[in-house]
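Inspection log for the structure reproduced underneath, given as structure tokens.
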Amino acid sequence: QVQLVESGGGLVQPGGSLRLSCATSTSIFSIDAMHWYRQAPGKQRELVASITSGGITMYADSVKGRFTIARDNAKNTVSLQMNSLKPEDTAVYYCHALKNLRVYWGQGTQVTVSS
């Protein structure tokens, strides 16, 4: 069983930055891959960024060059640094983990980009 707790969401102006963090209840080394998803009102949940246990990262085209996913092995956390935020980045952001073919979700954190 893996528990995930997100933090760091909030309200930010367009062009601003936020850093999301996802704390895991188990050693991050035991998790095969971790992801950040987001879901905007009235839209399907979409994959934003991924990082594997080997450190390979992947980003959705809409956030490439603006978002950075990273792992802190010592703290068992995964972060999502979001820069140059746009109103269309407004969504609930979810942390997701894949471990031994099982998936786990966090409760989500709201990010609102608005002036």
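With N set to the residue count of segment 50-115, report its C-alpha Rg divided by 2.2 N^0.38 Å to two decimal places.
So segment 50-115 has a normalised radius of gyration of 1.21.
Given 0.36 nm per residue, what is the gain on full extension from Glu88 to Ser27 after removing their alpha carbon distance, in nm?
Numbers: separation 61, 0.36 × 61 = 21.96 nm, distance 3.35 nm.
Between Glu88 and Ser27, full extension yields 18.6 nm more.
Could you work out the equivalent-ellipsoid semi-axes for the chain, taking the square root of 5 times each eigenvalue of the Cα gyration tensor, largest first, in whole Å?
Details: eigenvalues 107, 37, 33 Å².
Over the Cα atoms of the chain, the ellipsoid semi-axes are 23, 14, 13 Å.
Pull up all non-local amide H partners of Thr90: gap of 5 or more, or a different chain, and H-to-H distance under 5 Å with H placed in the peptide plane.
Here the answer is Val113, since their amide H atoms fall under 5 Å of that of Thr90.
Work through the residues other than Ser27 whose Cβ is under 14 Å from its Cβ and net out their charges, Lys, Arg +1 and Asp, Glu -1.
+1
For Ser53 and Arg19 in the same chain, what is the full-extension length gain: residue separation times 0.36 nm, less their Cα-Cα distance, in nm? All intermediate terms of the calculation are to be shown ahead of the outcome.
Numbers: separation 34, 0.36 × 34 = 12.24 nm, distance 2.08 nm.
Length difference between fully extended and current span is 10.2 nm.
Counting pairs on different chains as well as pairs 8 or more places apart, how many Lys pairs in the chain have Cα atoms under 22 Å apart?
On the way: Lys43/Lys64; Lys43/Lys86; Lys64/Lys86; Lys75/Lys99.
Lysine pairs satisfying the spacing and distance rule in the chain number 4.
Please report the carbon-and-sulfur percent of the accessible area for segment 1-113; probe 1.4 Å, protein heavy atoms only, DNA, RNA and ligands left out.
Numbers: 2930 of 5820 Å².
Exposed carbon and sulfur together represent 50 percent of the surface.
Could you do me a favour and compute the accessible area per residue for the chain, 1.4 Å probe, result in Å²? All intermediate terms of the calculation are to be shown ahead of the outcome.
Values: 6010 Å² over 115 residues.
Per residue, the chain has an accessible area of 52 Å².
Go through segment 98-113 residue by residue and turn each phi into a ³J(HN,Hα) via Karplus (6.51, -1.76, 1.60, θ = phi - 60°); whole Hz please, and just put x for glycine and proline.
So the Karplus estimates, Gly and Pro as x, are 10, 9, 6, 6, 10, 10, 9, 10, x, 7, x, 9, 7, 10, 10, 10 Hz.
Between Lys43 and Ser7, what is the FRET efficiency for a Förster distance of 30 Å, r being their Cβ-Cβ separation, to the nearest 0.05? Display every interim value, and only then the final one.
Values: r = 23 Å, r/R0 = 0.77.
My answer for the efficiency is 0.80.
Treating only the Cβ atoms of Lys and Arg (+1) and Asp and Glu (-1) as charged, compute the dipole magnitude of the chain about its Cα centre; round to the nearest 20 debye. Mind showing how you got there, number by number?
Numbers: 11 positive and 7 negative charges, 11 e Å.
For the chain, the charge dipole is close to 60 debye.
May I ask you to derive the relative contact order of the chain, considering only C-alpha pairs under 8 Å and at least 6 residues apart, and to give it as an integer percent?
Numbers: 286 pairs, mean separation 42.5, N = 115.
Across the chain, relative contact order equals 37 percent.
Can you run phi through the Karplus equation (6.51, -1.76, 1.60; θ = phi - 60°) for segment 43-60 and list ³J(HN,Hα) in whole Hz, with x for Gly and Pro?
Couplings: 10, 6, 5, 10, 6, 9, 7, 9, 9, 8, 5, x, x, 6, 10, 8, 9, 5 Hz.
Could you go through segment 18-34 in sequence order and give the Karplus-derived ³J(HN,Hα) for each residue, using 6.51 cos²θ - 1.76 cosθ + 1.60 with θ = phi - 60°, rounded to whole Hz, and x for Gly and Pro?
Going residue by residue, I get 9, 10, 8, 10, 10, 9, 9, 8, 10, 4, 5, 5, 8, 9, 5, 7, 10 Hz, with x marking Gly and Pro.
The values are calculated or read from the model by the stated rules, or taken from the named source; none is laboratory data. Predicted model only: the values in this text are computed from it and were never measured. Glycine gets a Cβ as well: all are built from the backbone with ideal geometry, and neighbour counts include every protein chain shown. Note: areas computed on protein heavy atoms with side chains; ligands, DNA, RNA excluded. Shrake-Rupley method; radii C 1.70, N 1.55, O 1.52, S 1.80 Å.
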